[in-house]
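A.B. asks: Encoded as structure tokens, here's the structure I'll be asking about.
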């Protein structure tokens with residue numbers, strides 16, 4: 001039995017519980033960050049929702065919130081790949097920039113990408129991401145593999161989770177607050 005495995009008695013059945021406390025804590029922080037972004041976004045006026053985030057990033061606040069909501073599945077798939085010991089080489093900064101540009105164009109022309117729909121997507125995808133992270137074992141969190149966004153450095157799945165799915169909502173919330181001035 002691994003260091004993080006615990007045995008529980010359920011009726012006459014003994015089950016091994018290999019869930020990780022670290023994974024649960026990471027998942028909780030993903031949900032906390034997404035909840036903070038969702039709560040802030042709900043309080044924005046229509047003018048604030050449409051405001052560009054910065055002079056260098058002309059995407060609107062709404063597009064950025066939708067971006068965070070939309071990339072959780074990708075971030076989790078990358079973490080799962082690293083957790084399985086597979087190198088992730090196709091995720092480059094050029095590919096990320098291209099994906100972001102395509103996303104911004106698509107969201108800007110999508111009438112369904114309202115604030116309400118975007119916040120719902122943020123909540124749903126962050127919950128699903130957190131649920132997936134809760135399934136990681138300590139061994140999977142500790143697994144390292146080369147990751148192209150980290151210049152091919154062998155990083156752990158926990159690092160990928162922290163640097164992407166977890167940090168993403170916090171990072172963009174700070175940028176949005178700065179853009180809006182609150």
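The values are calculated or read from the model by the stated rules, or taken from the named source; none is laboratory data. Source: prediction; values computed, not measured. Note: ideal-geometry Cβ built from the backbone for every residue, glycine included; neighbour counts use all protein chains shown.
A.B. asks: Consider residue 34 carefully, then state whether it is exposed (fewer than 14 other Cβ atoms within 10 Å of the Cβ) and at pLDDT 85 or above.
C.D. replies: No.
A.B. asks: If you don't mind, there's one more thing I want to ask. Determine which single condition residue 61 fails, assuming it passes every other condition in (1) surrounded by fewer than 23 Cβ atoms within 10 Å (Cβ to Cβ); (2) in contact with a strand residue (DSSP E or B) (Cβ under 9 Å, 6 or more places away or on another chain).
C.D. replies: With (1) surrounded by fewer than 23 Cβ atoms within 10 Å (Cβ to Cβ); (2) in contact with a strand residue (DSSP E or B) (Cβ under 9 Å, 6 or more places away or on another chain) applied to residue 61, the lone miss is (1).
A.B. asks: Still on this structure, please answer the following. Within 19 Å of the chain's Cα centre (by Cα), farther than 23 Å from residue 79 by Cβ and part of a helix (DSSP H, G or I), is that true of residue 120?
C.D. replies: It is true that residue 120 is within 19 Å of the chain's Cα centre (by Cα), farther than 23 Å from residue 79 by Cβ and part of a helix (DSSP H, G or I).
A.B. asks: Is it true that residue 146 is without any contact (Cβ under 8 Å) to a residue 40 or more places away in the chain and either touching a strand residue (DSSP E or B) at 6+ places or on another chain (Cβ under 9 Å) or surrounded by fewer than 20 Cβ atoms within 10 Å (Cβ to Cβ) (or both)?
C.D. replies: No; evaluated as a whole, the condition is false for this residue.
A.B. asks: Then there's this: Of the residues 90, 77, which is part of a loop (DSSP other than H, G, I, E, B) and under 19 Å from the mean Cα position of the chain (by Cα)? Steps first, please.
C.D. replies: Numbers: 77 fails: part of a loop (DSSP other than H, G, I, E, B).
Among 90, 77, only 90 is part of a loop (DSSP other than H, G, I, E, B) and under 19 Å from the mean Cα position of the chain (by Cα).
A.B. asks: Can residue 98 be described as surrounded by fewer than 11 Cβ atoms within 10 Å (Cβ to Cβ) and either touching a residue at least 12 places away in the same chain (Cβ under 8 Å) or out of contact with any helix residue (DSSP H, G or I) (no Cβ under 6 Å at 6 or more places or on another chain) (or both)?
C.D. replies: On the way: surrounded by fewer than 11 Cβ atoms within 10 Å (Cβ to Cβ): no; either touching a residue at least 12 places away in the same chain (Cβ under 8 Å) or out of contact with any helix residue (DSSP H, G or I) (no Cβ under 6 Å at 6 or more places or on another chain) (or both): yes.
Answer is no for this residue.
A.B. asks: I'm checking my understanding of the structure. Among residues of the stretch 72-91 that are within 20 Å of residue 171 (Cα to Cα) and touching a helix residue (DSSP H, G or I) at 6+ places or on another chain (Cβ under 7 Å), which one is surrounded by the most Cβ atoms within 10 Å (Cβ to Cβ)?
C.D. replies: 79
A.B. asks: Continuing with the same structure: Residues of the stretch 153-163 being touching a residue at least 60 places away in the same chain (Cβ under 8 Å) and either outside any helix (DSSP H, G or I) or buried (at least 20 other Cβ atoms within 10 Å of the Cβ) (or both), which ones?
C.D. replies: Within the stretch 153-163, the subset touching a residue at least 60 places away in the same chain (Cβ under 8 Å) is 155-158, 160-162.
Answer for the stretch 153-163, where residues must be touching a residue at least 60 places away in the same chain (Cβ under 8 Å) and either outside any helix (DSSP H, G or I) or buried (at least 20 other Cβ atoms within 10 Å of the Cβ) (or both): 155, 156, 157, 158, 160, 161.
A.B. asks: Of the conditions (1) in contact with a strand residue (DSSP E or B) (Cβ under 7 Å, 6 or more places away or on another chain); (2) free of Cβ contacts under 8 Å to residues at least 12 places away in the same chain, residue 86 satisfies every one except a single condition; which number is it?
C.D. replies: (2)
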